[in-house]
Amino acid sequence: MPTTFFSDFALIGENLDLKEKIYFQVSEEGLIKEISTQCPKSSDIIEFKDSLLIPGFINAHVHIGDSFAKDKGINLSLPEVVEPPDGLKHRLLKETEKETIIDGMKNGFKEMLSSGTTTFVDFREGGPEGILILKEALKDSLIRAFILGRTTPDFNTPHEILKMAHGIGLSSSNIYADNELEMIAIFCLEASKIISTHVSETEEEREIAFKKFKISDIERSIKLLNADLLVHAIYADDKDIDLISKHNTPIVICPRANGYFGVGFPPISAFLKHKILLCLGTDNVMANSPDLFREMEFLFKLFRGTNGINMLKTKDILSMVTINPAKALRLDHLTGSLAKGRYADFFILDLNSPNLIPMENVYDSIILRAKSENVIATYIKGRLAYERRYNS
Ligand SMILES: [Zn+2]
């Protein structure tokens, strides 16, 4: 029996168009069968009055595994916290009980669902074992994890990782020889899986690449690794940006995490001028909450503060957590927007919230005013994944 959802307002299609009085008919498999202003016959109806139905957010870069270690490295440098194998994160992941890591992950899922995220892209440390831990944590949650596992430079694990995960996520291309990057690219191509890597998060990382390989880590990641998705690119220069643009390689920017670690901010206006597809991520949960409302507002104000007004619209930022990451992950036929044949992944925003009244422009309000407390419920494939309880 299909279920029908009704909302007074909804953001529909790839342009996130605002529509009024919309019915969504959802199949038992969780796909949107029909979007209409007419009420379909013979179907259960779940009604949301004074509400805005928004496509589920996609957080394009998370390390959910360190959720148990919130702010433990707040006064340490980025390499001291995240650099494998001896950074604080990696030491804590090795010495912490699996149950504690899993409890942390589950808290991360709840925080994401309560702030409208239905899919997250995880850079999972710990090889095959690390992926198994995440899968165990996911058993009780409907949230969709797009898992990018880590292979080691000794090159024992890529096939195993690719069987278990959606692709590969490298901490840095600098620790791999050219032929190793090329082999990872071939394995991923053969398996039709995604490759992502951190690039140019610090000036030091770039210097190492130039010293060891004579070209930037960005150039190696595009030309040798054939990366589908680059993360950070804070110190991308004009040559890198031209290359990224020519190869249509999407970039995940994580501005709040960059601020937390004090590593600078990426050249977002240059990315926009080159029409590079941008996605938003929240990065390590130990350093940054996985709440995309906070990320979107921060990005808008950071950008205005450094570039002036009128170059980056709030609706463009909303695309960075919906349409753009779905395209970057090759999931746009399934999620990232509300259209016939796609998953019924969405959340409901309470338009009666004092912080949202009066609403002048829906996109401005979502980016600048909305917060997780305004999310009434989150659905994944038409199933209730989160419901706000006001007394808890
Ligand atoms: Zn990261």
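Just a few scattered comments:
- Projected area averaged over orientations for the chain, convex hull of C-alpha atoms, nm²: 19.1 nm²
- Per-q log10 I(q)/I(0), the stretch 63-193, q = 0.17, 0.18 Å⁻¹ (Debye; single scatterer per alpha-carbon; no solvent): -0.94, -1.04
- Straight-distance crosslink candidates among lysines, where the alpha carbon sits under 16 Å from K72 and sequence neighbours closer than 8 are dropped: K89, K94
- Candidates L338, L88, L280 compared by Cα position along the dipole of the chain: farthest toward the positive end lies L338, with charges placed on Cβ.
- Radius of gyration (Cα atoms) of the stretch 281-365, expressed as a multiple of 2.2 N^0.38 Å: 1.24.
- GluC sites (Glu not before Pro) restricted to DSSP loop in the stretch 330-392 with at most 12 other C-beta within 10 Å: E360
- Farthest positive-ward along the stretch 205-262 dipole, Cα basis, beta-carbon charges - from G259, I208, L243: I208
- Calculated [222 nm] ellipticity per residue, helices only, for the chain: -10000 deg cm²/dmol; basis is -39500 (n - 2.57) per DSSP H run with n ≥ 4, divided by all residues, nearest 500.
- Descending principal axes extents, the stretch 137-199, alpha-carbon based, whole Å: 40, 23, 18
- Modelled FRET efficiency - R0 51 Å, D50 with N179, Cβ distances, 0.05 increments: 0.30
- Compared with the alpha-carbon gap, the fully stretched path from L132 to T157 is longer by 7.6 nm at 0.36 nm per residue.
- Taking G116, G104, G13 in turn, the Gaussian network model of the chain (Cα-Cα springs below 10 Å) assigns the largest fluctuation to G13.
- Under a Gaussian network description of the chain, with springs only between Cα atoms under 10 Å, the residue in L31, L338, L132 that fluctuates furthest is L132.
- Rolling a 1.4 Å probe over the heavy atoms of the protein chains gives the stretch 23-169 an accessible area of 44 Å² per residue.
- Nitroxide proxy distance, nm - points 7 Å out along Cα→Cβ at E99 and S245: 5.5 nm
- Fluctuation leader among L280, L162, L18 - the chain, Gaussian network, Cα springs under 10 angstrom: L18
- Longest exposed-site-free window of the chain, the sites being chymotrypsin sites (Phe, Trp or Tyr not before Pro) in a DSSP loop that have at most 16 other C-beta atoms within 10 Å: 156-389
- Computed accessible area, E29, all protein chains, 1.4 angstrom probe, square angstrom: 120 Å²
- Relative counts (whole %) of C-alpha pair distances in the stretch 8-125, using bins that are 10 Å wide: 11, 30, 23, 15, 16, 4, 0
- Shown here is the pair-distance distribution of the stretch 215-277: with all Cα-Cα distances grouped in 5 Å bins from zero up to the longest one, the shares run 4, 19, 32, 25, 15, 6, 0 percent.
- Sequence-ordered 3J(HN,Hα) estimates for the stretch 262-271 from the Karplus curve with 6.51, -1.76 and 1.60 and θ = phi - 60° stand at x, 9, x, 10, x, x, 5, 5, 5, 4 Hz, glycine and proline given as x.
- Distance violations [Cα-Cα > 27 Å] among K163/K327; K19/K327; K163/K239; K239/K371; K163/K246: K163/K239; K239/K371; K163/K246
- Assigned charges on the beta-carbon of Lys, Arg, Asp, Glu; the chain dipole about Cα centre (debye): 720 debye
The values are calculated or read from the model by the stated rules, or taken from the named source; none is laboratory data. What you see is a predicted model; the values in this text were computed from it and never measured. FYI the Cβ positions are ideal-geometry reconstructions off the backbone, even for glycines, and counts take in every protein chain you see. What goes into the accessible areas is simple: the full protein's heavy atoms, side chains included, and nothing from ligands, DNA or RNA. Shrake-Rupley method; radii C 1.70, N 1.55, O 1.52, S 1.80 Å.
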